[in-house]
Amino acid sequence: MKKLIKKTCGILLAATLAIGSLNILHTTNAQEKFVCNDKLQLYSEGAIVPIKNDFDLKKQNKSIFSKIFSYNQGTVEQTIYEGLLNTEEEINISSYNITPDDLRQIMQDIVNTCPDLFYVAGRYSLYVDANNKVTSVVPGYLFSGNELAEKKSQYKTKMNEILSQIETSWSDLEKIVFAHDYLCQNFEYDTDLKNYDAYTFFTTGKGVCQAYTTVFSGIMKELGIEVSTATSDAMGHIWNVVKLDGKWYHVDVTWDDPTNDKFGLASHNHLLVSDTAFNKERNSSNKHHDWVSKYTCIDTTYDNFYWMTDNISTPYNYLNGKWYYSSYNSTNNTTDICEGDLKNRGTSIYNFDKWFVYGSDSYFTRTYCGMDVYNGTLYFNSCDTIYSYSPQSGTSEFVKPDVDGRLCGLRVNGKQLVFSYTKDYNAFGSLAAYEFPENPNPPTEPAPTVNPDNAQVGDLNFDNNVNLDDATILLKAALNIAPLNENQLKVADIDNDGNINLTDATLCLKLALGIPLS
């Protein structure tokens, strides 16, 4: 049961959004301009967003980073976004005939859905002409110069770390579920109500609703999936709406990350749901209400999807072409480890006993099973044992931790398997870690079907075919995610220009799809 302080109450950056008093400025050509200050409506979930009142109007070093999000070319959104990305001290939008009220909404949408703009301050100024049209925006920036460049680099590294785990062959549904579950599993709600931007979210592992929402938006935009937000002043809350198969759905990652933090777990009660479902949530005292969004979420396909009716509280994990999760078995109060395609309810491949209360024969009518993948092996926990599973060898007991409490979740962190244990499932658990041993005899890659020296161009796994697996390998190499070995380099330069890049990845994809190369 969620507590109200968790994720329900919050206040806005400013109590009111009214434009401040106008100061008339006279320019050299005697054209009158009005200048006023305004504040962005940033949702910080119970914390006042720090704002920088005295931003530097001196020339800033232009960003060397290319933009990762794009709006339609020639729009005011694209002009403002590019100006913010390049930390321009004044952004000219005089040709768009935008009113101050319209600008406020545009600025809020951009900042709340573009996590790469984490350095944009909540306060900005604007110039308005005699017809009440904004001629230019003067943003505030929290960082500049080398400090900003370093923080951007750290942000980009973490974002790429997430994106590198997403298979290009996945459906949009799989990508949305993975992003939702990854954020729930690897981050926790900031009960101190301080961390609201993507950079702080990435570097501390904690954030409020604005951080979850902005980062989820960023992942979706990187994947080419349409995404926006829904906001509720009455709740002081913000979350996402996302477009899947031509229809819009609510996704509230913040409320699906259990609090008090259940380490490594992920609820799915607010994943791809409709307006109707949000209007009549199971617990009427803890429901979404009075929200505003550009889009209506009419479709009810996922309102009673199996991940909700089966109370799936583990993140979905992808291994060897299949998705794995744990499910509470209400027939005998045990836990099933399920395998499937995510779109449909999976089949049980392993079952373990009830989730017993510490120091008692009583048990919970739910599961606290955590799950994660490391080096091609799936790991999950019962209330007292951590198990491993591989498609080749099946399930076996991995380790039985000697801890004073019951296990309640796990996740992989680098070369460690970190797990949580507690005597009270309503409180925060303690953490312990198991260090994965270095493998002195790492498994060798399977022998290629064809001799690499005789392989056709584009056949990077040497199975005598050019398919989507080859295109994926080449794309990861072009993005500097996974380097090619010496034999793969011989067949990777499809356009024969002496470089391995996105052009080669595109050509490899065409070959895999049977599209002739021009």
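The values are calculated or read from the model by the stated rules, or taken from the named source; none is laboratory data. A quick note: this is a predicted structure, and the numbers were derived from the prediction, not measured. Cβ: placed from backbone, ideal geometry, glycine included. Neighbour counts: every protein chain shown.
Given (1) in contact with a helix residue (DSSP H, G or I) (Cβ under 6 Å, 6 or more places away or on another chain); (2) more than 27 Å from S420 (Cβ to Cβ); (3) not in a loop (DSSP other than H, G, I, E, B), identify the lone condition not met by F278.
Failed condition: (1).
For the list (1) part of a helix (DSSP H, G or I); (2) under 18 Å from N160 (Cβ atoms), I need the number of the one condition that A482 fails.
Every listed condition holds for A482 apart from (1).
Within the range 118-160, how many residues are under 26 Å from the mean Cα position of the chain (by Cα) and aliphatic (A, V, I, L, M)?
The number of residues fulfilling the criteria is 6.
Would you tally the residues in the range 299-325 being of a type outside the set (F, W, Y), in a loop (DSSP other than H, G, I, E, B), under 15 Å from N269 (Cβ atoms) and under 22 Å from the mean Cα position of the chain (by Cα)?
6
Filter the range 485-494 down to residues that are part of a helix (DSSP H, G or I) and under 11 Å from V457 (Cβ atoms), then give me how many there are.
3
Is one or more of the residues making up the range 351-364 crowded, with 20+ Cβ neighbours inside 10 Å, more than 25 Å from the chain's Cα centre (by Cα), of a type outside the set (K, R) and at pLDDT 90 or above? Step through it out loud before you land on a result.
Let us first name the residues in the range 351-364 that are crowded, with 20+ Cβ neighbours inside 10 Å, namely 352, 355.
Subsequent filtering for residues that are more than 25 Å from the chain's Cα centre (by Cα) retains 352, 355.
Applying the additional criterion that residues be of a type outside the set (K, R) yields 352, 355.
Still in the list and also at pLDDT 90 or above: 352.
Within the range 351-364 (the criterion being crowded, with 20+ Cβ neighbours inside 10 Å, more than 25 Å from the chain's Cα centre (by Cα), of a type outside the set (K, R) and at pLDDT 90 or above), the answer is yes, since at least one residue qualifies.
Any idea how many residues of the range 171-200 are surrounded by 18 or more Cβ atoms within 10 Å (Cβ to Cβ), of a type in the set (D, E) and within 19 Å of K247 (Cα to Cα)?
Result for the range 171-200: 1.
In the range 144-169, what residues are touching a residue at least 60 places away in the same chain (Cβ under 8 Å) and of a type in the set (A, V, I, L, M, F, W, C)?
Of everything in the range 144-169, those that are touching a residue at least 60 places away in the same chain (Cβ under 8 Å) and of a type in the set (A, V, I, L, M, F, W, C) turn out to be L148, A149, M159, L163.
Here is a list: T213, T203, T168, T229. Which entry is crowded, with 19+ Cβ neighbours inside 10 Å and farther than 30 Å from Y328 by Cβ?
Exactly one residue qualifies, and that residue is T229.
Which number in (1) over 25 Å from S228 (Cβ atoms); (2) crowded, with 16+ Cβ neighbours inside 10 Å; (3) of a type in the set (D, E, K, R) marks the one condition that E147 misses?
Going through (1) over 25 Å from S228 (Cβ atoms); (2) crowded, with 16+ Cβ neighbours inside 10 Å; (3) of a type in the set (D, E, K, R) one by one, E147 breaks only (2).
Got a number for residues in the range 333-352 being farther than 19 Å from R406 by Cβ and either outside any strand (DSSP E or B) or in contact with a helix residue (DSSP H, G or I) (Cβ under 9 Å, 6 or more places away or on another chain) (or both)?
Going through the range 333-352 one residue at a time, the tally reaches 6.
If you take the residues in the range 179-193 that are over 19 Å from K156 (Cβ atoms) and assigned to a loop (DSSP other than H, G, I, E, B), which one is nearest to the chain's Cα centre (by Cα)?
The selected residue is D190.
Could we say that T254 is assigned to a strand (DSSP E or B), of a type outside the set (K, R) and buried (at least 23 other Cβ atoms within 10 Å of the Cβ) here?
No; evaluated as a whole, the condition is false for this residue.
Taking Y328 as the residue in question, decide whether it is at pLDDT 95 or above and either in a strand (DSSP E or B) or surrounded by fewer than 16 Cβ atoms within 10 Å (Cβ to Cβ) (or both).
Details: at pLDDT 95 or above: no; either in a strand (DSSP E or B) or surrounded by fewer than 16 Cβ atoms within 10 Å (Cβ to Cβ) (or both): yes.
No; evaluated as a whole, the condition is false for this residue.
Of the residues that sit in the range 479-510 and are under 19 Å from W170 (Cα atoms) and under 28 Å from the mean Cα position of the chain (by Cα), which one is surrounded by the most Cβ atoms within 10 Å (Cβ to Cβ)?
Taking the candidates together, the pick is A505.
I'm told C383 meets every condition in (1) closer than 11 Å to S326 by Cβ; (2) surrounded by 16 or more Cβ atoms within 10 Å (Cβ to Cβ) except one. Can you identify the failing condition by its number?
Answer for C383: the failing condition is (1).
Here are Y196, Y249, Y212: which of them is more than 19 Å from T157 (Cβ to Cβ), modelled with pLDDT of 95 or more, not in a helix (DSSP H, G or I) and not polar (S, T, N, Q)?
Numbers: Y196 fails: modelled with pLDDT of 95 or more; Y212 fails: not in a helix (DSSP H, G or I).
Result: Y249 is the single residue among Y196, Y249, Y212 that is more than 19 Å from T157 (Cβ to Cβ), modelled with pLDDT of 95 or more, not in a helix (DSSP H, G or I) and not polar (S, T, N, Q).
Per-residue answers, yes or no, for (1) surrounded by 15 or more Cβ atoms within 10 Å (Cβ to Cβ); (2) in contact with a Ser or Thr (Cβ under 8 Å, 6 or more places away or on another chain); (3) outside the structural domain of F352 (by TED's automatic domain parsing); (4) of a type outside the set (A, V, I, L, M):
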| residue | (1), (2), (3), (4) |
| --- | --- |
| G394 | no, no, no, yes |
| E397 | no, yes, no, yes |
| G409 | yes, yes, no, yes |
| G414 | no, no, no, yes |
| V418 | yes, no, no, no |
| A427 | no, no, no, no |
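Give the range 215-234 a look and list any residue that's among the hydrophobic types (A, V, I, L, M, F, W, C) and either in contact with a strand residue (DSSP E or B) (Cβ under 9 Å, 6 or more places away or on another chain) or part of a helix (DSSP H, G or I) (or both), or say none.
V215, F216, I219, M220, I225, V227, A230 - these are the residues of the range 215-234 that are among the hydrophobic types (A, V, I, L, M, F, W, C) and either in contact with a strand residue (DSSP E or B) (Cβ under 9 Å, 6 or more places away or on another chain) or part of a helix (DSSP H, G or I) (or both).
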